[in-house]
Amino acid sequence: MERLGSTFSHQKRFGQYFSGDKVAALLSLLLPQGLKYGSIIDPMAGEGDLLNAVTSKATKNAHMLGVEIDEPVATTCQKRLPQADIICEDAFQSKAVITEKGWDLVITNPPYVRYQLQNDDNSVMPTGSTIRNNLVALLNKLPYLDTEEKQLLFQITQNYSGLSDMAVPSWILCASLVKTGGILAMVVPETWLNREYAKPIQYLLLKSFDVLTIARDVNACWFDSAQVRTCLIVTKKKKIVPLSETINEKTLFIDLGAKLVGEHSLVDNLTWNGLSGEKALIGLLASKEDSADNNFAVESRNTVSLFPQMMASQRKPRWVLPGDFQTQNKVSQLPSELDGMLNSISKQAYMTLGDLGIHCGQGLRSGANEFFYFRIASETDSKYSLYTSKWFGRRKTIEAPKELIIRCVQNRRQVTGLVANPQALETGVLYLQDRIRPQDFDVCTHNAARLYKVLPSTLSDYISVAEEYKNPKGLSFREYSAVKPNEKKIDSLYERFWYMLPQFTPRHLPNLCITRVSSAAADCVYIPQLKEDPIAVDANFVTLWGNSQESVKISLALLNSTWSKCCLELLCTVMGGGALKIEASHVRKLLFPKLNCHQLQRLLDYGLTIVKDGKITPELRDAIDSTILDSFTDAEGSLVQIRALLRKKLNERGAKYEL
């Protein structure tokens, strides 16, 4: 996406990913045809791309307002749009956004600012907590919100996750500014469909908007250097309804490929029914019929199916109003594309990995890999010889007792096939729990000192050199934000030191793992854990562990099935370059057809075969796939469809997969 501003850090802090004329023109085309708007606002106006694109849809004396927090950008916007009022303010505090009845059209590209950056009290950009407080105050001032609307907006505002990026409160602000019957149009990353923190927004949309149209940038080509695909969303404000009344609502879902992009617009090369370019798109929108070729696909989907895991939880989320949780959570839903393909199987029951006793998390994040991680040069019965990182000296080695180093799977390249071989792992992590340097006994609490032994001199010296080293930013390892919590003190005395990683838990020493960023179809690797010789797994992986080895082996088979690969393609986020980003939350959402004891026994046998052979053959995958689909009326036909859908999704992001 295009980034403008004085410096990269400034752009990043302000979330400046400006829309550009082509994206703005496409969003304008998606608005309901024939409507004119007497009031239009962009609360995060940037340089005015979106306002400029909809000027032709304004009535003669329309009130057009742009709000922009960054003064130089606001000045540029005003020069570009003399017919509009452009003010330099924080939209969450602006009195200008408040009207008697709300706005006819709210259109914006909200800033993408990660929660980690919303913590600088000296910045012009407000902090995350300030934004939340200002949003609550603003909602109280909107005169047209009835009691039910306010209750919903307050419930969501006060309870959305503190880990949310700034787009979440921006969504809430924009939704609150639209009058009933008005239009809300947004430019957002595709992640809004599947990120955990976006669930309150999905709930808000279902409750108080008709989601008319979603257009998706299939090949992540609408913005320069895009990290994720872009979505354009057009919705119409309605009176709040119970979730039970949204079951049959429809949304027109449009996929647009890179080959449609031309010199003048993002759909220059679109052809349909004898029409081309923007006229073809308008025709497609008007027809509301399913249609597709190699470069585009239009499909009418059940709106609720776009958010299949919105309430996939055992407990009611705090942002949900009473009554809605039970309604929505009665039936778990598959991702919409898979659900639509299998819609004839209406009574199929599903299960999650959690139902098998499998837990998901993320692997080891040391906070300073260049200190804690070593490459193993050689070993004896009792010691490792370890290559150190460049900061300690190029190609230098140190020796360490084996009990202080744990072998680690750091990346997928270190595992051949689907089973990790401990002896082939070249990465070791420094894991000190009961050893400290001699000099550190002097600054220990009395109780801690009794528990510790003295570190070997080689590692003591290594740590001492590390304390003197400064990285290019002038920080020592112990000053790294993710390393600081390792230290535990009582008054001025230590109980634990910065070089002691927290005690490993099952998520650090898992039974299974899946690469978090994958260029190919996702697969699952088995980690043979032995109490006397454990294997750690890096944060580059989603990690899984189970209550029993039987459940682990069954899950190994399930997670290497065509079904699993297809679901992950549909649930997860496609990044720039076509890589698939998989989070633990995605894996927890996976639904599998509910299996009986005989089917589970077969999958256990298949999992054991994978562990024994270290790989999966096409014949074995066929057997796993057939078992998973056993209960389907047309298991063979369903498998053909699922494989075709998997190929389609892999082709869209440029990944390869041998079936």
Cβ-Cβ under 6 Å, sequence separation 6+ or interchain: first residue in the range 444-458 and touching a residue at least 12 places away in the same chain (Cβ under 8 Å), partner among the hydrophobic types (A, V, I, L, M, F, W, C). Which pairs?
THR445/ILE490; THR445/LEU493; TYR452/ILE436; THR458/ILE398
Within the range 162-190, track down each residue that is polar (S, T, N, Q) and more than 23 Å from ILE69 (Cβ to Cβ).
THR180
Requiring at least 2 residues that are closer than 22 Å to SER464 by Cα and charged (D, E, K, R), the strands (runs of 3 or more DSSP E) wholly within the range 366-431 are none
The range 242-256 residues that are of a type in the set (Val, Ile, Thr), paired with ones that are in a loop (DSSP other than H, G, I, E, B) and loosely packed, with under 14 Cβ neighbours inside 10 Å (beta carbon under 6 Å, 6 or more apart):
none
If you check LEU270, LEU256, which single one turns out to be crowded, with 20+ Cβ neighbours inside 10 Å, modelled with pLDDT of 90 or more and under 25 Å from the mean Cα position of the chain (by Cα)?
LEU256
Filtered residues of the range 281-305 (kept if closer than 20 Å to CYS221 by Cα and buried (at least 20 other Cβ atoms within 10 Å of the Cβ))
LEU281, PHE296, VAL298
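Is it the case that the range 461-477 has a residue that's surrounded by 18 or more Cβ atoms within 10 Å (Cβ to Cβ), among the β-branched types (Val, Ile, Thr) and assigned by TED's automatic domain parsing to the domain that holds GLY428?
At the first step, the residues of the range 461-477 found to be surrounded by 18 or more Cβ atoms within 10 Å (Cβ to Cβ) are 462-463, 466, 477.
So of that shortlist, the ones also among the β-branched types (Val, Ile, Thr) come out as 463.
Now narrow it down to the ones that are assigned by TED's automatic domain parsing to the domain that holds GLY428: 463.
Yes, the range 461-477 has at least one match.
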Subset of the range 378-401 [surrounded by fewer than 19 Cβ atoms within 10 Å (Cβ to Cβ) and either assigned by TED's automatic domain parsing to the domain that holds LYS553 or closer than 29 Å to LYS615 by Cβ (or both)]
SER378, GLU379
Can you tell me which residues in the range 584-619 are assigned to a loop (DSSP other than H, G, I, E, B) and either among the β-branched types (Val, Ile, Thr) or crowded, with 19+ Cβ neighbours inside 10 Å (or both)?
LEU590, LEU591, LEU595, ILE616, THR617
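Residues checked against (1) modelled with pLDDT of 90 or more; (2) part of a loop (DSSP other than H, G, I, E, B); (3) crowded, with 22+ Cβ neighbours inside 10 Å:
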{"position": "LEU206", "(1), (2), (3)": "yes, no, yes"}
{"position": "CYS221", "(1), (2), (3)": "no, yes, no"}
{"position": "ALA226", "(1), (2), (3)": "no, yes, no"}
{"position": "CYS231", "(1), (2), (3)": "yes, no, no"}
Scanning the range 37-87 for residues that are of a type in the set (D, E, K, R) and touching a residue at least 40 places away in the same chain (Cβ under 8 Å) gives ASP42, GLU47, ASP49, LYS57, ASP70
In the range 463-521, which residue that is among the β-branched types (Val, Ile, Thr) and outside any loop (DSSP other than H, G, I, E, B) is nearest to THR445 (Cα to Cα)?
ILE490
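The values are calculated or read from the model by the stated rules, or taken from the named source; none is laboratory data. In this text the structure is predicted, and so the values were computed from the model without any measurement. Cβ sites come from the backbone with ideal geometry, for glycine too, and all protein chains shown count toward neighbours.
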